[in-house]
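Below: one structure, written as structure tokens.
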Amino acid sequence: MNPPSTASEAHTSFRIDRKLQATPARVFAAWSRAEAKQAWFSCHDDWRNNGYLLDFRIGGSEYNEVRDGDGLAHVFRAHFLDIVPDRRIVYAYDLLLGERRISVSLVTVAFQPDAGGTLMSFTEQVVFLDGYADHGERREGTEIGLDKLGTWLAAQSVDAVGG
């Protein structure tokens with residue numbers, strides 16, 4: 001396979017902290033249960049979901065495909081590298097726009113008990129590929145998704161989310 005003629009790499013990283021009004025077990029369950037994760041894991045409510053799968057275990061994977069208003073596929077493909085229940089999730093993922101891979105990332109999500117709730121830290125190390133210019137959209141979309149997680153957790157009963 002020949003590399004694209006515009007082969008390039010642009011590295012960045014960011015960390016987002018959220019104080020959530022739910023126990024670490026409930027927050028972890030929102031990441032680890034397919035029906036829960038699918039409920040909050042998006043940054044564009046008007047995009048159409050075209051497929052979601054979650055095999056949450058070390059060595060397992062996650063797949064999410066959505067279509068934007070123009071019909072372009074945005075495909076998230078993750079592989080779980082480390083999982084410590086109620087404490088940590090580490091995964092690698094790539095993101096495709098149509099057939100074009102635009103980035104590859106390593107993510108660590110950590111959960112710490114904090115005054116009856118959880119301090120969740122999301123750290124992403126990302127490489128944008130082959131001239132793709134992000135302009136901060138990755139962080140912005142992640143912040144929207146994590147805000148939706150907080151809103152979703154607040155609306156759920158303890159039994160619905162576990163923990």
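The values are calculated or read from the model by the stated rules, or taken from the named source; none is laboratory data. Owing to the predicted nature of the structure, the values given are computational and were not obtained by experimental measurement. Every residue, glycine as well, gets a Cβ built from its backbone with ideal geometry; the counts of neighbours run over all protein chains shown. The area values use the complete protein model at the heavy-atom level, side chains included, leaving out ligands, DNA and RNA. Shrake-Rupley method; radii C 1.70, N 1.55, O 1.52, S 1.80 Å.
Within the range 121-150, work out how many residues are of a type outside the set (A, V, I, L, M, F, W, C), under 16 Å from the mean Cα position of the chain (by Cα) and open to solvent by 30 Å² or more (accessible area, probe 1.4 Å). Full working, then the answer.
Going through the range 121-150, the residues of a type outside the set (A, V, I, L, M, F, W, C) turn out to be 121, 123-125, 130-132, 134-143, 145, 147-148, 150.
With under 16 Å from the mean Cα position of the chain (by Cα) added as a condition, the list becomes 121, 123-125, 136-143, 145, 147-148, 150.
Next, from what is left, pick out any that are open to solvent by 30 Å² or more (accessible area, probe 1.4 Å): 123, 125, 136-137, 139-140, 143, 147-148.
Number of matching residues: 9.
Given the structure, is THR108 in contact (Cβ under 8 Å) with a residue 24 or more places away in the chain and of a type in the set (Val, Ile, Thr)?
Details: in contact (Cβ under 8 Å) with a residue 24 or more places away in the chain: no; of a type in the set (Val, Ile, Thr): yes.
For THR108, the condition - in contact (Cβ under 8 Å) with a residue 24 or more places away in the chain and of a type in the set (Val, Ile, Thr) - is not met.
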Subject >> Selection count where residues are hydroxyl-bearing (Ser, Thr, Tyr) and farther than 23 Å from GLU140 by Cα, scope the range 28-71 >> reply: 1
Original post:
Across the range 24-35, what is the total count of residues that are buried (at least 20 other Cβ atoms within 10 Å of the Cβ) and among the aliphatic types (A, V, I, L, M)?
Top reply: 3
Original post:
Looking at PHE80, is it crowded, with 16+ Cβ neighbours inside 10 Å and under 17 Å from TRP40 (Cα atoms)?
Top reply: no
Subject >> Which numbered condition ILE89 misses (of (1) within 15 Å of the chain's Cα centre (by Cα); (2) farther than 24 Å from GLN112 by Cα; (3) aliphatic (A, V, I, L, M)) >> reply: (2)
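For every residue, the table says whether it meets (1) touching a residue at least 12 places away in the same chain (Cβ under 8 Å); (2) open to solvent by less than 50 Å² (accessible area, probe 1.4 Å); (3) touching a Gly at 6+ places or on another chain (Cβ under 7 Å).
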residue: THR6; (1), (2), (3): yes, no, yes
residue: GLU9; (1), (2), (3): yes, no, no
residue: THR12; (1), (2), (3): yes, no, no
residue: ALA22; (1), (2), (3): yes, yes, yes
residue: LYS37; (1), (2), (3): yes, yes, no
residue: ASP45; (1), (2), (3): no, no, no
residue: ILE58; (1), (2), (3): yes, no, no
residue: TYR63; (1), (2), (3): yes, no, yes
residue: HIS74; (1), (2), (3): yes, yes, no
Original post:
How many residues are over 18 Å from ILE58 (Cβ atoms) and open to solvent by 20 Å² or more (accessible area, probe 1.4 Å) if we restrict to the range 97-120?
Top reply: 12
**OP:** With respect to ILE144, determine if the residue is part of a helix (DSSP H, G or I) and in contact (Cβ under 8 Å) with a residue 60 or more places away in the chain.
**Re:** yes
Original post:
Hey, GLY51 hits all of (1) at positive phi; (2) open to solvent by 30 Å² or more (accessible area, probe 1.4 Å); (3) not acidic (Asp, Glu) but one; which does it fall short on?
Top reply: (2)
**OP:** Please enumerate the residues belonging to the range 59-86 that are at positive phi and at pLDDT below 95.
**Re:** GLY71
